[in-house]
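J.: This is the structure, below, for whatever I ask next.
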Amino acid sequence: MRKPFLTSGLFGLLTNLPDQSHLLAPADAAIRQELGARLRQALADAATCHADDRTALATLRRAIAAAGTALPAGSTAAARLARLLEQSDARAQHDEPTRALQFIAAELAERIADLTFVPIEEWQPTRAHAGYIAVDELELVTSASADGGEETALRIGARGIDSTARVQELRLRLERWLHRAGCEWQANGPFQLRAHNSPAVGAEQRWFEAWIPVCRRAG
């Protein structure tokens, strides 16, 4: 079977995102929640800082750097915090301190939301909820298939609105991992989008998954 083909236009969506080599593991959940709490406290400290905005920005930068090194290497969360640290450097150099602080604080709030996200269960809990670990990370999962057997899939959980651009990005991330793991894994079915919340749940609290069934290559 041919490896997934990435068009130049689609690949351009991820040119600024470092490689994501880490696959989500159950132990990651506790680390993410703990670091999310630390970063949330850093945000609160920066907001009540009685010094100048440069000092508050430095406080956030130290917290971001510490959290980034504590996360699993190769994870999307670590990559996004590293990118935020780069952005804070640029903002500190080219923006006045108050604007730089506002931008970094807003972006950090989004990263915290990803780290600490827990899906809302509207109906009777499902196996998908029972197996939930985190959003925005690549994960290999095995679950019961429709024929009573087992199915392995590569997936990424996401929060928010499943817009066309967002789904396209998630699909590309799945296909890129398969492309690079082509000696060991291959697609075993079509791309799927699985939504787990109704419109009754607020946009930022909705949880959905991008999913590609996979299998190991023979031999």
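J.: Tell me the label-point distance for the pair Thr69, Val201, using the 7 Å Cα-to-Cβ offset, in nm and rounded to one decimal.
T.: 3.6 nm
J.: Quick check: the angle from helix 76-94's long axis to the longest principal axis of the chain, C-alpha only, nearest 10 degrees?
T.: Long axis of 76-94 versus the principal axis of the chain: about 30 degrees.
J.: For Val167 paired with Arg216, estimate the spin-label separation in nm (one decimal), with each label point 7 Å from Cα along the Cα-to-Cβ line.
T.: 3.3 nm
J.: Two decimals is fine: what's Rg over Rh for the range 73-165, C-alpha atoms, Kirkwood radius as Rh? Spell out each step's value before the answer.
T.: Numbers: Rg = 18.0 Å, Rh = 16.1 Å.
Rg/Rh: 1.12.
J.: Angle, helix 97-116 long axis vs. longest principal axis of the chain, Cα atoms, 0 to 90°, nearest 10?
T.: With rounding to tens, the tilt is 30 degrees.
J.: A further question follows. Taking 25 Å as R0, compute the FRET efficiency from the Cβ-Cβ separation of Arg99 and Asp45 and round it to 0.05.
T.: About 0.80, to the nearest 0.05.
J.: A follow-up question, please. Could you go through the range 32-44 in sequence order and give the Karplus-derived ³J(HN,Hα) for each residue, using 6.51 cos²θ - 1.76 cosθ + 1.60 with θ = phi - 60°, rounded to whole Hz, and x for Gly and Pro?
T.: 5, 5, 5, 5, x, 5, 5, 5, 4, 5, 5, 5, 5
J.: Quick one: which of 115-122, 198-205, 23-30 comes out on top by average Cβ neighbours within 10 Å, and what's the full order, highest first?
T.: Details: 115-122: 17.0, 198-205: 10.5, 23-30: 14.8.
The peptides rank, most packed first, as 115-122, 23-30, 198-205.
J.: Could you give me the ³J(HN,Hα) list for the range 168-181, computed from phi with Karplus coefficients 6.51, -1.76, 1.60 and θ = phi - 60°, whole Hz, x at Gly and Pro?
T.: 4, 5, 5, 4, 5, 4, 4, 5, 5, 4, 5, 4, 7, 9
J.: List the residues whose amide H sits under 5 Å from the amide H of Glu139, counting only those 5 or more places along or on another chain, with H placed 1.01 Å from N in the peptide plane.
T.: Leu24, Arg155
J.: At 0.36 nm per residue, and after removing the present C-alpha to C-alpha distance, how many nm does the segment from Gln33 to Arg54 gain when stretched out fully? Write out the running numbers ahead of the final one.
T.: On the way: separation 21, 0.36 × 21 = 7.56 nm, distance 2.76 nm.
Result: 4.8 nm gained on full extension.
J.: Here's another thing I want to ask about it. Kirkwood Rh over Cα pairs of the chain into Stokes-Einstein at 25 °C, 0.890 mPa s: D in µm²/s?
T.: Estimated via Stokes-Einstein, D reaches 130 µm²/s.
Just so you know, all these numbers are worked out from the coordinates, no wet-lab data involved. These numbers come from a predicted model, not from an experiment. Neighbour counts run over all protein chains shown; Cβ positions are idealised from the backbone, glycine included.
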